[in-house]
1. Let me spell it out: the conditions are (1) part of a loop (DSSP other than H, G, I, E, B); (2) touching a residue at least 60 places away in the same chain (Cβ under 8 Å); (3) closer than 30 Å to ARG363 by Cβ, and GLY246 meets all of them except one. Which number is the exception?
2. Would you tally the residues in the range 279-296 being of a type outside the set (Asp, Glu) and without any contact (Cβ under 8 Å) to a residue 24 or more places away in the chain?
3. Can you pull out every residue in the range 435-458 that is buried (at least 20 other Cβ atoms within 10 Å of the Cβ) and among the acidic types (Asp, Glu)?
4. Among the residues of the range 52-65, is any under 31 Å from the mean Cα position of the chain (by Cα), more than 28 Å from GLY496 (Cβ to Cβ) and of a type in the set (Phe, Trp, Tyr)?
5. Can you tell me which condition ALA280 does not meet? The list is (1) outside any strand (DSSP E or B); (2) surrounded by 17 or more Cβ atoms within 10 Å (Cβ to Cβ), and all the others hold.
6. Has the range 314-333 got at least one residue that is under 30 Å from GLU287 (Cβ atoms) and touching a Cys at 6+ places or on another chain (Cβ under 9 Å)?
7. Return yes or no: is GLY308 under 29 Å from LEU520 (Cα atoms), of a type outside the set (Ser, Thr, Tyr) and out of contact with any Lys or Arg (no Cβ under 7 Å at 6 or more places or on another chain)?
Amino acid sequence: MQVDMIVTGAKVLTMEPSQPRAEAVAVAGGRIVAVGSEAEVRALAGPATRVIEAAGRTLLPGFVESHLHLVLGGAELGHLYIGGQHGMPAMRAAFLRYAEKHPDRPLLMAQGADYAMLDHQVTRHDLDAIIADRPIAMTAHDHHTVWANTAALEAAGILHGLATPHGHEVVMGADGLATGELREFEAFAPVIALGGEARLNLGIATGGEPDPWPSAAERAIDKDKIEAGLRHCASHGITSMVNMDGNLYTLTLLAEMRAEGRLTARVKVPFHMKPHMDVAELARAEEMTRAHDDEWLSCRFVKMFMDGVVDTRTAYMLNDYPDSPGHRSEPLFAPDRFAALATEIDRRGWQMAVHSIGDGAVRTVIDGYEAAAKANGRRDSRHRIEHIELIDRADVPRLGALGIVASLQPPHPPGAMDFPLEPTLDRLGRARWKDAYLWRDLARAGAPVAFASDWPVTDVSVMRGLQAALTRTPYGEDCTDQRLGLMESLHAYTAGGAWAAHMDSFTGRIVPGMAADLVLIDGDVETMAPGAFGATPIALTVCGGRVTHAGVGFA
């Protein structure tokens, strides 16, 4: 046997209960062929074997990013980032610097805005005061709101409004013109299109396909943006990912990149079912699954949104928002219709993932999954609920009982990483803080847990995500510590994520026969202070036996 690579002198955390620790790993033909002591594995090395001296660093299975938006993230790497900026002077300075660097861009788009950047609700007039003669816009950190200036609204043809599906809104002012606030994807899609990225946004905005089908030259532009996203993810140790928006075009681009040798991670892409779609649209999911179904590209998966977000009061709640009596928002899918769709999708043997942030949305999805199980019988569905920011205590044990995956994002709780405490905590209300982000309670009640970033909503860095998971603090004296421990958190980013994505037969653990998906962390995670994780780099990323990222000293 010709061994291509060995990693030796490592602290190997295999995520395999039968052999949780080792010192070295051997790789051949893209698979793991040996896991054991340094002496055992070194004996396998031949003259052509690459030997990686880990020098006590931690070796883990490659990270599984269980919820991101690869295509959007890759595109946004070229945008202005204004996260953490507050006040008009800071915003103006950032936009003007960016505008000077990019004099020919048809849209100056910023990312990372938060809802409290100004001391009042942002309007087009605020952005006009920054730049009035060019289209500019900024996206909220949660990617559920965009604010645009008058020039952008005019260029997009929506200054006088736009008819949008339920749950999406071009906010209108008393003067009969758009205020500049655009809520949800189909409201701000025309502005995004100004920047030439409409094709890449279809998977999340409409779930549809580009028409006409993009030319080879247009696909090349889009593939370059995806490649930038893949490189960025590889630099953070990611070898597998669940792309939480999708269409056939996304899979086609990835398949072309695979043929060109440019696919550096395993990607699961769902069919994005929107509320306006008829069940017949699932034929497109069938097509996606038939065309792509192996260890590198797969579907068998349907993504849906049940609600919006807390900050804009579009998350669906069981009770009124404390600062907005009489308002609870509404589910994007009526409960009966969702239950029927869940039953049909489950009958076809596909997995589901539903964005559910408010406790009303979470309960609606649990009820739908329960209805599917009653109709079809229990099976290995691994249906998921994404985010679960607020949950009624009575619903916590239901996830474990039904085998529903809790897909959670350590960077999301306000104050844990980059998101500010307000306005989220104010929107939730003091009485409900104790029911927010209940990760530990969900895990202890038997819910399988997968961790992710939701990039580009937050930084894709798994190490920063781990730090957020390990250091978040309760919001009040009546709130319990909801952190999971180090090994549980690592499991949620590796074996747990692989299981949640139906990838556990080939990745997520360091076991002979599994894919050679590995990440070498530049330190010993078991002795590392929780507050030091975020500053700790990735030394090496290997996907399918191929080095996809090499840090200093490993190139």
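1. (2)
2. Within the range 279-296, residues that are of a type outside the set (Asp, Glu) and without any contact (Cβ under 8 Å) to a residue 24 or more places away in the chain number 3.
3. Across the range 435-458, the qualifying residue is only ASP454.
4. Checked against the condition, which is being under 31 Å from the mean Cα position of the chain (by Cα), more than 28 Å from GLY496 (Cβ to Cβ) and of a type in the set (Phe, Trp, Tyr), the range 52-65 yields no hits at all.
5. Going through (1) outside any strand (DSSP E or B); (2) surrounded by 17 or more Cβ atoms within 10 Å (Cβ to Cβ) one by one, ALA280 breaks only (2).
6. no
7. no
Residues checked against (1) among the polar types (S, T, N, Q); (2) in the same structural domain as ALA26 (by TED's automatic domain parsing):
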residue: SER453; (1), (2): yes, no
residue: TYR475; (1), (2): no, no
residue: ARG483; (1), (2): no, no
residue: HIS502; (1), (2): no, no
residue: GLY523; (1), (2): no, yes
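The values are calculated or read from the model by the stated rules, or taken from the named source; none is laboratory data. Given the structure is predicted, the values throughout are model-derived calculations rather than measurements. Don't worry about glycine lacking a Cβ; one is built from the backbone with ideal geometry, like all the others, and counts go over all protein chains shown.
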